[in-house]
Amino acid sequence: DAKAHGRNGCRYYNPELTAEAVHRVELEAGLRRALELDEFIVMYQPQVDARGGRIDAVEALVRWRRADGSLVPPLDFIPFAEECGLIAGIGARVLLRACHDAAAWMRRGLRLRVAVNLSPMQFRAPDLLERVCEALDRSGLPPGLLELEITEGALMEDDARTRATLAALRGLGIGIALDDFGTGYSSLSYLKRLPLGRLKIDRSFVTGLPDDADNLAIVRAILALARHLGFRITAEGVETAAQAALLAGLEADSLQGYLFSRPVVATEIESIAARGWTIGALDRVG
Ligand code: C2E
Ligand code: MG
Ligand code: MG
Ligand code: MG
């Protein structure tokens with residue numbers, strides 16, 4: 001058949017393309033099987049209130065635990081799952097699991113907001129609201145304890161619909177955070193048009209603080225912008241005490257990163273939440 005397409009036909013025999021195609025077919029089959037076998041697990045990374053030094057939220061981060069016990073990180077399968085449509089099923093599991101875990105913490109007296117990542121396809125799915133309401137109903141989690149993290153990529157199409165979706169979620173009392181802020185390609189004008197509640201400063205801008213003058217300027221500008229527009233700010237990728245002190249001094253609301261904790265399984269959150277951190281805010285950096 002390839003020959004019938006003339007010279008271009010030879011591309012079907014390119015061994016690299018073949019290997020790539022085989023990999024994709026195997027990955028898709030693997031992900032389908034993983035859904036059936038319930039192999040996706042959700043880990044949680046604390047977000048620490050920059051003032052009080054206590055955990056006030058966690059971000060849910062999915063991993064694929066394969067039969068051999070290995071953990072596949074999300075960036076190795078989420079983008080592909082988005083491409084082949086399997087993200088809907090995976091995302092629904094993560095959302096429900098996260099709501100159940102946060103509701104269980106709440107029933108034991110630990111009120112933590114749980115932040116769940118939504119891929120652009122999930123955000124645009126016509127049944128998003130239904131899925132979210134179902135997860136809240138089934139878990140008993142109050143909507144105020146759920147935050148959905150979306151990326152700039154989710155906001156690029158169909159402004160009116162985006163706004164309606166966000167308004168409906170906000171209307172239910174659910175928080176919306178714009179993840180990886182500053183790394184996308186959209187214009188800043190959507191910030192004043194869309195009902196967002198929080199910006200998450202991407203890790204790439206936190207790296208190298210406090211010495212990196214460019215990143216310092218960017219982080220200061222994002223914080224000033226957020227303050228002006230009334231958004232909360234979470235800084236991600238906080239790895240050092242100096243970064244934490246700088247960000248607290250600049251009045252970031254919350255901090256997330258390896259300095260406080262890596263993502264952990266749900267059962268570890270309660271002992272981590274019992275701890276507190278002293279964040280030596282650097283004064284007069286603003
Ligand atoms: P993200 O939402 O920006 O999540 C933060 C990522 O940075 C996580 O990686 C986290 O483990 C990592 N991280 C946190 N603190 C530090 C730090 O101090 N230093 C460094 N070097 N890294 C840090 P992870 O868990 O591998 O997730 C990667 C991305 O995969 C996430 O980025 C998110 O975009 C996506 N993702 C994860 N879970 C889900 C999910 O359930 N659904 C969807 N759609 N995407 C997900
Ligand atoms: Mg996120
Ligand atoms: Mg992020
Ligand atoms: Mg990020």
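Between L37 and L17, how high is the FRET efficiency from 1/(1 + (r/R0)^6) when r is the Cβ-Cβ distance and R₀ = 25 Å? Nearest 0.05. All intermediate terms of the calculation are to be shown ahead of the outcome.
On the way: r = 30 Å, r/R0 = 1.20.
The computed FRET efficiency comes out at 0.25.
Surface analysis of the chain yields an accessible area of 51 Å² per residue, using protein heavy atoms and a 1.4 Å probe.
Summarising the amide proton neighbourhood of N117: residues at separation of 5 or more, or on other chains, whose placed amide H is nearer than 5 Å comprise A60, E149.
Think of region 188-286 as a dipole: +1 on every Lys or Arg Cβ, -1 on every Asp or Glu Cβ, centred on the Cα centre; then among L191, A235, V219, L191 lies furthest on the positive end.
A simple spin-label model places pseudo-atoms 7 Å from Cα toward Cβ; at R51 and R111 they are separated by 1.5 nm. Once the Cα atoms are used to define both axes, helix 213-229 deviates from the longest principal axis of the chain by about 80 degrees. Within the set of other residues whose C-beta is less than 12 Å from the C-beta of R66, count the net charge using Lys and Arg as +1 and Asp and Glu as -1. Counting the neighbours of R66, the net charge comes to 0.
Evaluated with a Cβ-only charge set (Lys, Arg +1; Asp, Glu -1), the chain carries a dipole of roughly 580 debye about its Cα centre, given to the nearest 20. Element breakdown for the chain at a 1.4 angstrom probe: carbon and sulfur atoms account for 52% of the accessible area. Sorted on the mean count of surrounding Cβ atoms within 10 Å across their residues, most packed first, peptides 88-99, 245-256 read 245-256, 88-99.
Please compute the contact order of region 200-266 in relative form: average sequence separation of alpha-carbon pairs under 8 Å and at least six residues apart, divided by the residue count, as a percent.
The normalised contact order for region 200-266 reaches 34 percent.
Label-to-label distance, R262 versus T240, with points set 7 angstrom from Cα along the beta-carbon direction: 2.1 nm.
Between I201, A177, I78, the Cα set farthest toward the positive side of the dipole of the chain (charges on each charged residue's Cβ, about the Cα centre) is that of A177. For D76, neighbours were defined as the other residues whose beta-carbon sits under 14 Å from its Cβ, and their charges (Lys and Arg +1, Asp and Glu -1) total -1. Here the Karplus curve 6.51 cos²θ - 1.76 cosθ + 1.60, taken at θ = phi - 60°, turns the phi angles of region 253-264 into couplings of 7, 8, 10, 9, x, 4, 3, 8, 5, 6, x, 10 Hz, with x standing for Gly and Pro.
The values are calculated or read from the model by the stated rules, or taken from the named source; none is laboratory data. On a predicted model such as this, the values are computed, not experimentally measured, just so you know. Neighbour counts are summed over all protein chains in view; Cβ atoms, including those assigned to glycine, are modelled from backbone coordinates with ideal geometry. Protein only, heavy atoms only, side chains kept; ligands, DNA and RNA dropped before computing areas. Shrake-Rupley method; radii C 1.70, N 1.55, O 1.52, S 1.80 Å.
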